[in-house]
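Asker: Structure provided below as structure tokens; questions to follow.
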Number of protein chains: 2
Amino acid sequence: MHVPLILTDFLDRAVTLYGDKTAVIDGDRELTYQEVEKRVNRLSRGLRDSNIKKGDKVAYLTPNSLEMYEGFYGIYQTGAVMTSLNTRLRPDDYLFILNHSESQVLFVDAELYPLVEPVRDKLETVHTVIIQGGQAKECIDYEDWLMTFSDELFDREPLEENDIASLLYTSGTTGDPKGVLLSHRSNYLHALATMHHLRVSDRDTLLHVLPMFHVNGWGSPFYYTANGATQVMQRKVDPKQMLERIEKYQITIMHMAPTVLNMVLQEAQHTKSVFDHPLRIVVAGSAPPPAFIRKVEEELGWEFIHVYGMTEISPLVTTSQPRENTPVEDEGAFARLKAKTGYELIGTKVRVFDESGEEVPHDGKTIGEIAVRSNNVMEGYYKNPEATSATIRDGWLYTGDMAVIDEQGYMEIVDRKKDVIISGGENISSIEVEAALYDHPDIMEAAVIAVPHEKWGEVPHAVIVKRADADLTEEDIVAFASEKLARFKIPKSFSFADELPKTASGKIQKVVLRKEFWKGNEGKMIN
Amino acid sequence: MHVPLILTDFLDRAVTLYGDKTAVIDGDRELTYQEVEKRVNRLSRGLRDSNIKKGDKVAYLTPNSLEMYEGFYGIYQTGAVMTSLNTRLRPDDYLFILNHSESQVLFVDAELYPLVEPVRDKLETVHTVIIQGGQAKECIDYEDWLMTFSDELFDREPLEENDIASLLYTSGTTGDPKGVLLSHRSNYLHALATMHHLRVSDRDTLLHVLPMFHVNGWGSPFYYTANGATQVMQRKVDPKQMLERIEKYQITIMHMAPTVLNMVLQEAQHTKSVFDHPLRIVVAGSAPPPAFIRKVEEELGWEFIHVYGMTEISPLVTTSQPRENTPVEDEGAFARLKAKTGYELIGTKVRVFDESGEEVPHDGKTIGEIAVRSNNVMEGYYKNPEATSATIRDGWLYTGDMAVIDEQGYMEIVDRKKDVIISGGENISSIEVEAALYDHPDIMEAAVIAVPHEKWGEVPHAVIVKRADADLTEEDIVAFASEKLARFKIPKSFSFADELPKTASGKIQKVVLRKEFWKGNEGKMIN
Ligand SMILES: Nc1ncnc2c1ncn2[C@@H]1O[C@H](COP(=O)(O)OP(=O)(O)OP(=O)(O)O)[C@@H](O)[C@H]1O
Ligand SMILES: Nc1ncnc2c1ncn2[C@@H]1O[C@H](COP(=O)(O)OP(=O)(O)OP(=O)(O)O)[C@@H](O)[C@H]1O
Ligand SMILES: [Mg+2]
Ligand SMILES: [Mg+2]
């Protein structure tokens, strides 16, 4: 029997089996799954009333909240597509994304409305703006509006599993953000595999730290719901408040990027917090150093689960939980293993291919590109067939992440493809060079990029942010780096800056840095 | 991206990530996943050499063994269909199934070949018989044959996920065995959900007790492989040997029917065995009594996981692990909860419908039929469209199992639909009446069936197997039963027998018992 894999299944199960259980805690508000479903039904009716039909795009500019969570299911019942927006963009970015996505209704948090207000006149397709937690001119008040619709069971739009569930924009680390189309099937199968590897159960209480707008909170609105877990909303990164909530709600699991976890760790060290219940931390976004993993596991007693993914693949496809058959000598080796990118989740093939499409040897040093073959993979980039066919080739999605793979089959990302420097035919990992520079006590931030060179094609160049009133010269840095790096990897030139350009999620935009060095030379960039 | 859900994915993952790990232990033979894959490749080549093509049926009459396990993947690589046969049938049954399924190649264990030999002449489609672990006239020796083919990677038949993976025959408890067609998609999605609920991981070592021929060992050849677990083969039910192996291999999980577990429990009590490592027992087939569950959990320290399913649904669809939101007062209540049939797994809808297709109230007493809507559900009965459309109606599979559902949403099977006795408009659960009779010390076995009655339509009749040299009359039984049962539930007539007719898997065939009472009256049977 064919039953389409549709994401509303997950809410249905929670309502059937966990109807009376607390589903969402958002500040003072605590709602059961039954209560959430009623709001979801109202929302779906409201959307239909706003003329939203199957395939239409509905945008959300909302932090983690009850409103954001119910948005997913409210939209899916109508067959429409969730377009959740990063809350840390600029007005022009919103203008671009809202028009590009052809969003028709925009839900926006009152605090964030000022980011959209300046461009409202230029929105081409948005015909309705609904504001949450406040009021503004020409905006509908969400809560008032919601309550005008019945909470009875909603007559759902029939869907097939290949219908699109979400249109999410990438972080824009390597260029303009791209719109990623993900189907119900992709998200559903991602959920089934991920809940298994993360060992999610109805005993879990999740603190939603990772924003749900960001690659769908790594699918968290789906699989925690399917399992009937309680979900506590964390609107802002506020380490003090997070630690209080971990205690208060006996949080068992959280998802976050290493930078955020680092803030939490520091706060916990500062307040000498002690936790006496088990907690799992799921970490992705960039590679966490082994020393950091040990600190989290030893000082906080939290289990560190390192995963890897990208918007284009729903997003998670690997974990580095040491496998049963991997020899681990000691705690140090254990942490080094966990710091790797890891190996494929069930249901997904993840490989590292060299230029000719062959798998690289498992030697821990030959670099190739991570490629993914899986139902997790997007249907394509919205209105961008060129980018789609450059990324998905012969049934594999090419991630743009360069990695090595060790004897035990654990991958390890060495750099983004676009950031690798190809100098005299040698690959130089910008991350490796940066790591060496970061060890210098006077260097606060460093970004290493390729710049054009007559003889070598490209050579490494470092953009440095010095510590305030540090007295640091190019010569100092070269001397320091010589101790750590092979000659050809040492930056051949330097520039100093007050800060580095970053994406909303805090990733350094090397694409911006490179631009000025390549003006007129674009054709010669090797990557 | 659409990637068909094909079962060979699971072996691929195990070979990639657990290639050097022990995959299968069968007596003295221990093979890694890489070694198993090589044999699987040989087997696929052998099948192709025997002219097996996509969609062809390949039969196995084999106990749990390396040969049985590798059969699944060897067949799937060629796109053919696994038809695994119950090892406890009679020659005529094999004749029926082999011809009905149109099997072309038969793999048979040397010990079981005598069951097929008598009907070999009458096999209409089987052109090749390959014998495992022995020799016989006109049979190919498996191991010799296998070794003639290369173990190189096999060029797999391209498949879509809706292609059929297995054709399994039901137990024949309620009539003739029926051929159930299950697709790759059904088995794959069943595997993803089941591994999650059973918390399968690469730390597991499974003792394959439940026969893989029987509803595919509840999918065990698939999800233990996907997780890279070690799989120890148990050819026969031998409680002593099983206990030794649990210790020797540090078994962490087993699947079996309550009757088999009861034998293991008795042996363990007898030998005063103590186990100091955690072990989960997954139990289905019939409802285990709460007292039995407590014994297993308390005396053996094993975690009891009660699940429910049927051949037609891949097979598992519920579990009765007490949910986080279910109040449990004490150990007794805990065991009573676990004894219930439970609630739906993720990805499956399971409901109890009354005659008019409405859900029964959650009152623990209104009886309805369990229905399942899920991708687990079969494509249909092979060459039996009438039975298919009687079973699958309006997108639901009707299980023929009658159940009540309690306030907390836990289902509990009260009887098979065909076994319920409808007397004067009242439903009588044959299981309830039998349970009351079983309490009599002189009654060894009892089967309660409906017989025709002028006034009430049907009344309960009991077929009794007395303990040897017990002195027991109808009057004694009626007096005894009156203490425990409402008047209308007490059997109105009795017969005594030396034994009861049973299926190969030990279920009582009430259909056989009923026959003689209904001769000439068949049209009046209410069910
Ligand atoms: N565990 C990890 N280790 C190292 N890098 C990671 C990890 N998880 C994610 N990443 C990085 O994050 C990327 C995915 O991020 P995301 O989809 O949010 O957008 P982005 O790639 O940063 O932006 P854009 O695609 O617009 O340039 C991955 O391709 C990889 O480079
Ligand atoms: N946990 C359980 N509790 C009660 N009964 C169960 C349980 N698990 C399975 N069963 C019974 O076993 C049946 C499934 O068995 P199976 O598919 O092996 O064939 P069968 O139904 O016994 O035979 P046939 O369909 O040929 O009459 C279910 O329909 C149900 O009646
Ligand atoms: Mg990207
Ligand atoms: Mg049956």
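The values are calculated or read from the model by the stated rules, or taken from the named source; none is laboratory data. No experiment lies behind these values; they were computed from the predicted model shown. Cβ: placed from backbone, ideal geometry, glycine included. Neighbour counts: every protein chain shown.
Asker: Looking at the stretch A:223-244, is at least one residue within 11 Å of chain B (Cβ to nearest Cβ) and surrounded by fewer than 20 Cβ atoms within 10 Å (Cβ to Cβ)?
Answerer: Residues of the stretch A:223-244 within 11 Å of chain B (Cβ to nearest Cβ): A:223, A:225-230.
Subset that is surrounded by fewer than 20 Cβ atoms within 10 Å (Cβ to Cβ): none.
There is no residue in the stretch A:223-244 that is within 11 Å of chain B (Cβ to nearest Cβ) and surrounded by fewer than 20 Cβ atoms within 10 Å (Cβ to Cβ).
Asker: In contact with a Phe, Trp or Tyr (Cβ under 9 Å, 6 or more places away or on another chain), of a type outside the set (Lys, Arg) and not in a strand (DSSP E or B): does that describe A:Ala436?
Answerer: Here the answer is yes, as A:Ala436 does meet what is asked.
Asker: Which condition number in (1) free of Cβ contacts under 8 Å to residues at least 40 places away in the same chain; (2) under 30 Å from A:Tyr94 (Cα atoms); (3) among the hydrophobic types (A, V, I, L, M, F, W, C) is the one that A:Phe517 fails?
Answerer: Of the numbered conditions (1) free of Cβ contacts under 8 Å to residues at least 40 places away in the same chain; (2) under 30 Å from A:Tyr94 (Cα atoms); (3) among the hydrophobic types (A, V, I, L, M, F, W, C), the odd one out for A:Phe517 is (1).
Asker: Can you list residue pairs whose Cβ atoms sit under 7 Å apart, with the first residue in the stretch A:372-398 being free of Cβ contacts under 8 Å to residues at least 24 places away in the same chain and the second being buried (at least 21 other Cβ atoms within 10 Å of the Cβ) and of a type in the set (A, V, I, L, M, F, W, C)? Count only pairs 6 or more apart in sequence or on different chains.
Answerer: Sorted first by the residue in the stretch A:372-398, then by its partner, the pairs are A:Ile392/A:Val377.
Asker: Let me ask something additional. Taking the stretch A:438-484, which residues are within 25 Å of A:Val511 (Cβ to Cβ), more than 30 Å from the chain's Cα centre (by Cα) and of a type in the set (Asp, Glu)?
Answerer: Within the stretch A:438-484, A:Glu454, A:Glu458, A:Glu474 qualify.
Asker: Answer yes if at least one residue in the stretch B:390-401 is hydrophobic (A, V, I, L, M, F, W, C) and away from ligand 4 (no atom under 16 Å from the Cβ), and no otherwise.
Answerer: No, every residue in the stretch B:390-401 fails to be hydrophobic (A, V, I, L, M, F, W, C) and away from ligand 4 (no atom under 16 Å from the Cβ).
Asker: Out of curiosity, is A:Tyr343 closer than 22 Å to A:Met256 by Cα, away from ligand 2 (no atom under 16 Å from the Cβ), among the aromatic types (Phe, Trp, Tyr) and touching a residue at least 40 places away in the same chain (Cβ under 8 Å)?
Answerer: Spelling it out, A:Tyr343 is indeed closer than 22 Å to A:Met256 by Cα, away from ligand 2 (no atom under 16 Å from the Cβ), among the aromatic types (Phe, Trp, Tyr) and touching a residue at least 40 places away in the same chain (Cβ under 8 Å).
Asker: Only one of these conditions is not met by B:Phe334: (1) within 19 Å of the chain's Cα centre (by Cα); (2) surrounded by fewer than 24 Cβ atoms within 10 Å (Cβ to Cβ). Which number is it?
Answerer: Here B:Phe334 meets the rest and fails (1).
Asker: What residue, among those in the stretch A:304-327 that are away from ligand 1 (no atom under 16 Å from the Cβ) and modelled with pLDDT of 95 or more, is farthest from the other protein chains (Cβ to nearest Cβ)? Even if it seems obvious, please write down each step before you answer.
Answerer: Restricting attention to the stretch A:304-327, the residues satisfying the condition of being away from ligand 1 (no atom under 16 Å from the Cβ) are A:323-327.
The next check asks that each one be modelled with pLDDT of 95 or more; those that pass are A:323-326.
On the way: A:Arg323: 6, A:Glu324: 4, A:Asn325: 4, A:Thr326: 9 Å.
Once the filter is applied, the top-ranked residue is A:Thr326.
Asker: Restricting to the stretch B:20-33, and then to whatever is free of Cβ contacts under 8 Å to residues at least 40 places away in the same chain and within 12 Å of chain A (Cβ to nearest Cβ), can you tell me which residue is farthest from the chain's Cα centre (by Cα)?
Answerer: B:Asp20
Asker: Continuing with this model, one more query. Please name all residue pairs, on different chains or six or more residues apart, with Cβ atoms under 8 Å, provided the first residue is in the stretch A:400-412 and is within 12 Å of another protein chain (Cβ to nearest Cβ) and the second residue is assigned to a loop (DSSP other than H, G, I, E, B) and within 16 Å of ligand 3 (Cβ to nearest atom).
Answerer: Cβ pairs passing all conditions: A:Tyr410/A:Thr341; A:Met411/A:Thr341.
Asker: Within the stretch A:146-192, take every residue that is farther than 23 Å from B:Gly347 by Cα and away from ligand 3 (no atom under 16 Å from the Cβ) and give me the one that is surrounded by the most Cβ atoms within 10 Å (Cβ to Cβ).
Answerer: A:Leu146
Asker: Select, from B:Arg29, B:Arg39, the only residue that is surrounded by 20 or more Cβ atoms within 10 Å (Cβ to Cβ), among the charged types (D, E, K, R) and over 22 Å from B:Ile164 (Cβ atoms).
Answerer: Numbers: B:Arg29 fails: surrounded by 20 or more Cβ atoms within 10 Å (Cβ to Cβ).
None of the other options fit; the residue is B:Arg39.
Asker: Of the residues that make up the stretch A:176-189, is at least one of a type outside the set (Lys, Arg), in the same structural domain as A:Val36 (by TED's automatic domain parsing), farther than 25 Å from B:Asn227 by Cβ and in contact with a His (Cβ under 8 Å, 6 or more places away or on another chain)?
Answerer: Yes, because at least one residue in the stretch A:176-189 is of a type outside the set (Lys, Arg), in the same structural domain as A:Val36 (by TED's automatic domain parsing), farther than 25 Å from B:Asn227 by Cβ and in contact with a His (Cβ under 8 Å, 6 or more places away or on another chain).
Asker: Another question, then. Before we move on, is B:Pro258 more than 14 Å from chain A (Cβ to nearest Cβ), more than 17 Å from B:Val209 (Cα to Cα) and within 21 Å of the chain's Cα centre (by Cα)? Break it down stepwise before answering.
Answerer: Values: more than 14 Å from chain A (Cβ to nearest Cβ): yes; more than 17 Å from B:Val209 (Cα to Cα): no; within 21 Å of the chain's Cα centre (by Cα): yes.
When the stated conditions are applied, B:Pro258 does not pass them.
Asker: May I pose another question? Looking at A:Leu17, A:Leu11, A:Leu5, can you tell me which residue is in a loop (DSSP other than H, G, I, E, B), within 14 Å of another protein chain (Cβ to nearest Cβ) and closer than 30 Å to B:Asn162 by Cβ? Lay out the reasoning, then the answer.
Answerer: Numbers: A:Leu17 fails: in a loop (DSSP other than H, G, I, E, B); A:Leu11 fails: in a loop (DSSP other than H, G, I, E, B).
The conditions single out A:Leu5.
Asker: Right, something else. Just to be sure before I move on: is B:Met68 crowded, with 21+ Cβ neighbours inside 10 Å and not acidic (Asp, Glu) in the structure I sent? Walk me through how you get there before you give the answer.
Answerer: On the way: crowded, with 21+ Cβ neighbours inside 10 Å: yes; not acidic (Asp, Glu): yes.
Yes: the conditions hold for B:Met68.
Asker: Please count how many residues of the stretch A:251-269 are at pLDDT below 95 and part of a loop (DSSP other than H, G, I, E, B).
Answerer: 1
Asker: Moving on. Filter the stretch A:367-399 down to the residues that are of a type in the set (A, V, I, L, M) and away from chain B (no Cβ under 13 Å) and list them by number.
Answerer: Selection gives A:Ile367, A:Ile370, A:Ala387, A:Ala390.
Asker: Which members of the stretch B:464-480 meet the condition of being hydrophobic (A, V, I, L, M, F, W, C) and surrounded by fewer than 20 Cβ atoms within 10 Å (Cβ to Cβ)?
Answerer: B:Val465, B:Ala468, B:Ala470, B:Leu472, B:Val478, B:Ala479, B:Phe480
Asker: Just checking, which of A:Ser429, A:Ser374, A:Ser389 is small (Gly, Ala, Ser), crowded, with 20+ Cβ neighbours inside 10 Å and under 27 Å from A:Met82 (Cβ atoms)?
Answerer: After ruling out the rest, the residue left standing is A:Ser374.
Asker: Quick one: which residue in A:Val377, A:Val352 is closer than 20 Å to A:Met195 by Cβ and either within 16 Å of ligand 1 (Cβ to nearest atom) or not aliphatic (A, V, I, L, M) (or both)? If you could, list the steps in order and put the result at the bottom.
Answerer: Details: A:Val352 fails: closer than 20 Å to A:Met195 by Cβ.
After applying the criteria, what remains is A:Val377.
To keep it simple, each residue is scored yes or no on (1) of a type outside the set (A, V, I, L, M, F, W, C); (2) in contact with a helix residue (DSSP H, G or I) (Cβ under 9 Å, 6 or more places away or on another chain); (3) farther than 30 Å from B:His184 by Cα.
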site: B:Gly285; (1), (2), (3): yes, yes, no
site: B:Phe292; (1), (2), (3): no, yes, yes
site: B:Trp302; (1), (2), (3): no, yes, yes
site: B:Glu312; (1), (2), (3): yes, yes, no
site: B:Gly342; (1), (2), (3): yes, no, no
site: B:Val350; (1), (2), (3): no, no, no
site: B:His362; (1), (2), (3): yes, no, yes
site: B:Thr366; (1), (2), (3): yes, no, yes
site: B:Ile370; (1), (2), (3): no, no, no
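Asker: Could you grab the pairs with beta carbons closer than 6 Å, sequence gap of 6+ or different chains, first residue in the stretch A:298-320 and at negative phi, second one within 16 Å of ligand 2 (Cβ to nearest atom)?
Answerer: The qualifying pairs do not exist here.
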